[in-house]
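Notes to accompany the following structure.
The values are calculated or read from the model by the stated rules, or taken from the named source; none is laboratory data. Computed from a predicted structure; not experimentally measured. Cβ sites come from the backbone with ideal geometry, for glycine too, and all protein chains shown count toward neighbours.
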Amino acid sequence: MVFIVEKVWFDEALTCRPRVEIGIPPTPDLVTTAKGIAGGLPLAGVTGRAHLMNAVHPGGLGGTYGGNPVACAAALASITTMREHDLAGAARRIEATATPELDALAARCPAVGQIRGRGAMLALELIDPATGAPDPGLTTQSPTPATTPELSC
């Protein structure tokens, strides 16, 4: 069995985790990467164990975002920027600052369910306080006391 991790939406600088260190054992056999790796330019890639990568015929890993020189240069610039500006460290600081505030909000506001995420990729779930079920209606309203009294915490 091959363990594949899809990292299309995952961003190292936002979550403060290296791309292959996802915090879920075991270590993946293949990791797909796209989107943020090239700063918005179309680029995707597959990283994996040598025996799997070597088993693919030449050109077998190509695709729509197969890596043109401009997108590859953008990816290298993105990685350089993440490292030089310690964006993973910034994400850890954002998490350390925001998580206690979000936890406090959840404690006093019944419409806030779970707080989850890592680094700067944090989210809160809006729920119906009576049922505990997600409440998609709350996400479409402006959070003011008049429009969403359940969020007036």
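Brief remarks on what is shown
- The residue pairs whose first member lies in segment 122-141 and is outside the structural domain of residue 97 (by TED's automatic domain parsing) and within 30 Å of residue 92 (Cα to Cα), whose second member is surrounded by 10 or more Cβ atoms within 10 Å (Cβ to Cβ) and of a type in the set (A, V, I, L, M), and whose beta carbons are closer than 7 Å, counting only pairs six or more residues apart or on different chains, do not exist in this structure.
- Count of residues meeting criterion [modelled with pLDDT of 90 or more and in a helix (DSSP H, G or I)] in segment 107-130: 1
- Within segment 104-122, tally of residues that are more than 22 Å from residue 86 (Cα to Cα) and among the small types (Gly, Ala, Ser): 5
- Residue match in segment 133-149 (condition: at pLDDT 85 or above, surrounded by fewer than 17 Cβ atoms within 10 Å (Cβ to Cβ) and touching a strand residue (DSSP E or B) at 6+ places or on another chain (Cβ under 7 Å)): yes
- Single residue of segment 9-56 satisfying the filter (over 24 Å from residue 92 (Cα atoms), hydrophobic (A, V, I, L, M, F, W, C) and touching a Gly at 6+ places or on another chain (Cβ under 8 Å)) that is modelled with the lowest pLDDT: 44
- In this structure, residue 6 does not satisfy being among the charged types (D, E, K, R), at pLDDT below 90 and in a loop (DSSP other than H, G, I, E, B).
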